[in-house]
1. Could you work out how much longer the chain between A52 and K76 gets when fully extended? Use 0.36 nm per residue separation minus the Cα distance between them, nm to one decimal.
2. With n ≥ 4 as the cut-off for DSSP H runs, can you work out [θ] at 222 nm for the chain, using -39500 (n - 2.57) per run divided by the number of residues, rounded to the nearest 500?
3. Charges at C-beta only: +1 for Lys and Arg, -1 for Asp and Glu. How large is the resulting dipole of segment 1-97 about its Cα centre, in Debye rounded to 20?
4. Could you work out how far apart the two model spin labels at F39 and K118 are, taking each label as a point 7 Å from the Cα in the direction of the beta carbon, and quote it in nm?
5. Would you work out the charge dipole size for segment 37-165 about its Cα centre, treating the Cβ of every Lys and Arg as +1 and the Cβ of every Asp and Glu as -1, and quote it to the nearest 20 debye?
6. Classify segment 1-117 from the C-alpha gyration tensor, please: rounded if a/c falls under 1.5, else prolate or oblate depending on whether a/b exceeds b/c.
7. Got a sec? What order do R10, R138 fall in by accessible area at 1.4 Å, biggest, i.e. largest, first?
8. Using R₀ = 41 Å, calculate the FRET efficiency as 1/(1 + (r/R₀)^6) where r is the Cβ-Cβ separation of L4 and E83; round to 0.05.
Amino acid sequence: MLTLPEIVERGPQPYVAVRERVLLGAMKPAVDRAFQKLFGWLGANGLEPVGAAFFKYNVIDMGGMLEVEFAVPIAKEVDAGGEITAAMLPAGHYAQVKWTGPYDALVDVNAVLVGWAKEKGVRWDTQETPEGDRFAARIEIYENNPAEVEDPKDLVTTVAIKVAD
């Protein structure tokens, strides 16, 4: 099930992440590695997520590499280093949809949101680069834990892209 697209206001959100360059088809092993590192770092630093895990797509080249941050929101800004990135999701208007169903449909879900925005004249907060489109914030929020959901049709994902001011 897919909700209708909408524009929402989001406040700033501190987060920590592992940033990787990865092919779309190689996401699963990258996800597993990244979250193992990230949750190990959180535990070692006495921190807990304050919300659902998310992917932040910094650079998208659908025919090539993606730059992705595998992330969790945290309560306050922290210093990080090495393989862990500490950053802030920017405040602003985001176009979003919510999908209930398997993750393998998320490429199509993103396409629906992008198509809706094009039809409505909504512009993304993005810039073209030689590596692909660089987004201020393009996120997929995994609202429930796939390890705790028995049936993939019950997975809930919010797809949100920051709109240009």
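The values are calculated or read from the model by the stated rules, or taken from the named source; none is laboratory data. The structure presented is a predicted model; accordingly, all values stated were derived computationally and were not measured. Virtual Cβ from ideal backbone geometry, glycine too; neighbours counted across all protein chains shown. Heads up: the accessible areas ignore ligands, DNA and RNA and are worked out on the full protein's heavy atoms, side chains in. Shrake-Rupley method; radii C 1.70, N 1.55, O 1.52, S 1.80 Å.
1. Working: separation 24, 0.36 × 24 = 8.64 nm, distance 1.54 nm.
Gain on extension, A52 to K76, equals 7.1 nm.
2. Numbers: 2 runs with 33 residues, N = 165.
Mean residue ellipticity, 222 nm, calculated: -6500 deg cm²/dmol.
3. On the way: 8 positive and 11 negative charges, 32 e Å.
Using Cβ point charges on Lys, Arg, Asp and Glu, segment 1-97 gives about 160 debye.
4. It works out to 3.8 nm between the two label points.
5. Charge dipole, segment 37-165, about its Cα centre: 380 debye, nearest 20.
6. Working: a/c = 1.94, a/b = 1.35, b/c = 1.44.
It comes out oblate by the Cα gyration axes.
7. On the way: R10 65, R138 30 Å².
So, going from the largest accessible area down, we get R10, R138.
8. 0.60
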